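Have a look at the structure below, then the notes.
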Ligand SMILES: C[S@@+](CC[C@H](N)C(=O)[O-])C[C@H]1O[C@@H](n2cnc3c(N)ncnc32)[C@H](O)[C@@H]1O
């Protein structure tokens, strides 16, 4: 498994061995810091492991010395965690299927249900090796980069409305797949695209999207750490959370080949509305996630609609 961010951290440590006599033992650092909160002990273990490489379950009694520079870093990050910042933003990375992706507060933190969506698509054999594939709302690039890594011969396009988001996606593509990653990143607003009539030069075999789909009522009830830290532009999908599905529906005739496939992540209360919207696929199904919630829409064999 690649872990370039940890790799970079370990490099900085080359000249400061953990047995440095000036340091304090990892166990002592852990025991002092855990007094500040009973609810963040796991995050504290993960943080110390991330920074020192010491296994999180052996930290408590570890006599290995941690240099002061690393202790400062641990304290600084732990204070961010205590203030409610999501762990992934504090350590600036999140694992998604086989890779770690750089993330910061400009992009949504990839979710386990999105991993499930992609694993279902891959294990279902829905993608052919030379397909032309579009990821709408790419965020940190987790879907596009994972698909390209599994199907190197596919032509993968990734769209997002925001250049600062696309910069992060491209950075991840370069780190994970190399400079010649081959993904075509474009700054395209799907809401505008759906409204205008401009022709599009190519059609796709597969469209995948995890668009913003939180409605107004649900938005107010989101966990504080999500509402206060993750970008609203990646979450809010209009009053009913349906705006992006409507735009994708309107864009499909210009984007999808006849016989093409559409895969969407959806909110667990949106299955009826989404299935109704995309009833022009020959096979149209809602897939459950591992908690038996109706979380994914699979539209197979697009037959065109008037
Ligand atoms: C729910 S996030 C999904 C991020 C990533 N694909 C994932 O699955 O973790 C939705 C993404 O849609 C992008 N987005 C928001 N409005 C958009 C628009 N009008 N057109 C295209 N992308 C948009 C956001 O910037 C965000 O990156």
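None of the figures in this text is laboratory data; all of them are computed from the coordinates on show. Note that the structure is predicted; figures quoted are calculated from it, not measured. Reconstructed Cβ throughout: ideal geometry from the backbone, glycine too, with neighbour counts over all protein chains shown.
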Reduced to Cα centres, the span from the range 124-141 to the range 239-306 in Å works out to 15
The relative contact order of the chain, taking Cα pairs under 8 Å that sit 6 or more residues apart, comes to a percentage of 13
Mean-square fluctuation maximum in Gaussian network of the chain, Cα pairs under 10 Å, restricted to 168, 24, 81, hits 24
Rounded to the nearest 5, the percent of DSSP beta bridges in the range 96-302 running antiparallel is 40
In deg cm²/dmol, rounded to the nearest 500, the helical mean residue ellipticity at 222 nm of the chain, built from -39500 (n - 2.57) for every DSSP H run of length 4 or more, is -11500 deg cm²/dmol
For the range 174-230, the Cα-Cα pair-distance distribution in 5 Å bins from 0, as whole percents, is 4, 10, 14, 17, 15, 16, 14, 10, 2
The range 52-112, convex hull of Cα, quarter of hull surface, nm² -> 5.4
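Which whole-number percent is the relative contact order of the range 84-236 (Cα, under 8 Å, 6+ apart)?
After rounding, I find 26 percent.
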Computed over the chain: longest principal axis from alpha-carbon atoms vs helix 41-52 long axis, angle to nearest 10 degrees, is 80
Scattering profile of the chain from the Debye formula, Cα beads only, expressed as log10 I(q)/I(0) at q = 0.11, 0.14, 0.16 Å⁻¹, is -0.73, -1.05, -1.27
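Dividing the Cα convex hull volume of the range 165-299 by residue count, how many Å³ per residue is that?
On the way: hull volume 19.5 nm³, N = 135.
About 145 Å³ per residue, rounded to a whole number.
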The helix 112-123 Cα axis meets the longest alpha-carbon principal axis of the chain at an angle in degrees, between 0 and 90 and rounded to 10, of 60
Rounded to the nearest 10, the angle in degrees between the Cα long axis of helix 243-255 and the longest principal axis of the Cα atoms of the chain comes to 60
Expected unfolding gain across residue 32-residue 220 under the 0.36 nm per residue rule, minus the alpha-carbon gap, is 64.1 nm
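Taking the Cβ of each residue in 262, 42 as the centre, tally the other Cβ atoms inside 10 Å and list the residues starting with the fewest.
On the way: 262 24, 42 10.
Sorted ascending by nearby Cβ count, the order is 42, 262.
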Under a Gaussian network model of the chain whose springs join Cα atoms within less than 10 Å, the largest fluctuation of 199, 209, 225 belongs to 199
Mean Cβ-within-10 Å packing, highest first, puts peptides 228-236, 287-295 in the order 228-236, 287-295
